[in-house]
Amino acid sequence: MALISEVSAIVPGEDFRVGLRIQHDEGFHTYWQNPGIVGIATQLNWSLPAGFSAAPIQWPFPEKVDMAGHPAHGYHREVLLTVTMTPPATLPSGEITLEAEAIWMACARTCHPGQQKVSLTLPVASTSKPDPRTRPFFARADAELPKALAEWEAKLLTAPDATPIQLQLTPPDGWGGSPDSLYFFSTDGQVSSDQEQAVAPGPNGSLLMTLQRSEFSPEGKTSLSGILSSNSTLGTISVRY
């Protein structure tokens, strides 16, 4: 685990990004914002100088991972969890140190919780530019942030809190993906990670996904949000009940 910066210096009042770089040992994975049936999402608990604020983590697209036979959501690959920092409008000259406590769970056949202090020191300057040493990591992280599937139509056929959840999807003309490869990563844990997600043909070229509601699902949600993945599709959808 290491904290890196996209820029070479902090400019007062100007947002910039930092990122937690995670490199996994062979065979191990860490977890996405909604791990599923097992696991703990990686956390960053910040200790920031006065006037600084940190936005929530921006999560790259997840993978299906397995912990001792329990399907979950996480990362085998190297990832960068990016966070936008907002500094105050005025800062003293010199250097600023940003600190956080990183908390994670790394699993293979067994799980190992981790906790580590990470920090980053940057100079204060009137102008800044991208750091060429870290720019490739942030460029890859940007490419791995899911974008909205604007050309897909989505409709929920079930009521709030009902199970199973039936999601009707209409892909755009020319979509060449395989229905059998579709998988829905629920952002807030409404959908179970350890139950089969069935896909069947629907009316007018649509697809009907049957998703089993998690026993730990939050109640009273008015919408379903997540990432739809297939062998030729990756992006976010959000649909109201």
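The values are calculated or read from the model by the stated rules, or taken from the named source; none is laboratory data. These numbers come from a predicted model, not from an experiment. A quick note on method: Cβ atoms are made from the backbone with ideal geometry, for glycine too, and the neighbour counts reach across all protein chains shown. Ligands, DNA and RNA are excluded from the accessible area calculation, which covers all protein heavy atoms including side chains. Shrake-Rupley method; radii C 1.70, N 1.55, O 1.52, S 1.80 Å.
Worth pointing out:
- Flag for residue 24 being in contact with a His (Cβ under 9 Å, 6 or more places away or on another chain) and either open to solvent by less than 20 Å² (accessible area, probe 1.4 Å) or modelled with pLDDT under 95 (or both): no
- When residue 99 is tested against (1) within 17 Å of residue 113 (Cα to Cα); (2) surrounded by 15 or more Cβ atoms within 10 Å (Cβ to Cβ), just one condition goes unmet, and that condition is (1).
- Within segment 146-163, the set of residues being under 20 Å from residue 73 (Cα atoms) and open to solvent by 50 Å² or more (accessible area, probe 1.4 Å) comprises 147, 148.
- Taking the criterion of being closer than 17 Å to residue 173 by Cα and either surrounded by fewer than 17 Cβ atoms within 10 Å (Cβ to Cβ) or touching a helix residue (DSSP H, G or I) at 6+ places or on another chain (Cβ under 7 Å) (or both), the residues of segment 209-241 that qualify are 230, 231, 232, 234, 235.
- Residue satisfying all of: in segment 111-145; among the β-branched types (Val, Ile, Thr) and open to solvent by less than 50 Å² (accessible area, probe 1.4 Å); nearest to residue 10 (Cα to Cα) among these: 124
- Residue 32 vs. criteria open to solvent by less than 10 Å² (accessible area, probe 1.4 Å), under 14 Å from the mean Cα position of the chain (by Cα) and touching a residue at least 12 places away in the same chain (Cβ under 8 Å): yes
- Restricting 203, 160, 164, 172 to those that are farther than 20 Å from residue 62 by Cβ and free of Cβ contacts under 8 Å to residues at least 12 places away in the same chain reduces the list to 203.
- If you go through segment 11-50 and keep only what is closer than 30 Å to residue 93 by Cα, touching an Asp or Glu at 6+ places or on another chain (Cβ under 9 Å) and outside any loop (DSSP other than H, G, I, E, B), you end up with 16, 17, 18, 19, 21, 44, 45, 46, 47.
- Hits in segment 79-99 - residues which are more than 19 Å from the chain's Cα centre (by Cα) and closer than 18 Å to residue 19 by Cβ: 86, 87, 96, 97, 98, 99
- Residue count for segment 50-75 satisfying the condition of being under 22 Å from residue 195 (Cβ atoms) and not small (Gly, Ala, Ser): 11.
- The set of residues in segment 191-221 being closer than 13 Å to residue 155 by Cα, in a loop (DSSP other than H, G, I, E, B) and hydroxyl-bearing (Ser, Thr, Tyr) consists of 206 alone.
- If the condition is being part of a helix (DSSP H, G or I) and closer than 17 Å to residue 152 by Cβ, then segment 174-190 contributes 179, 181.
- All conditions in (1) assigned to a strand (DSSP E or B); (2) closer than 30 Å to residue 215 by Cα hold for residue 145, with the sole exception of (1).
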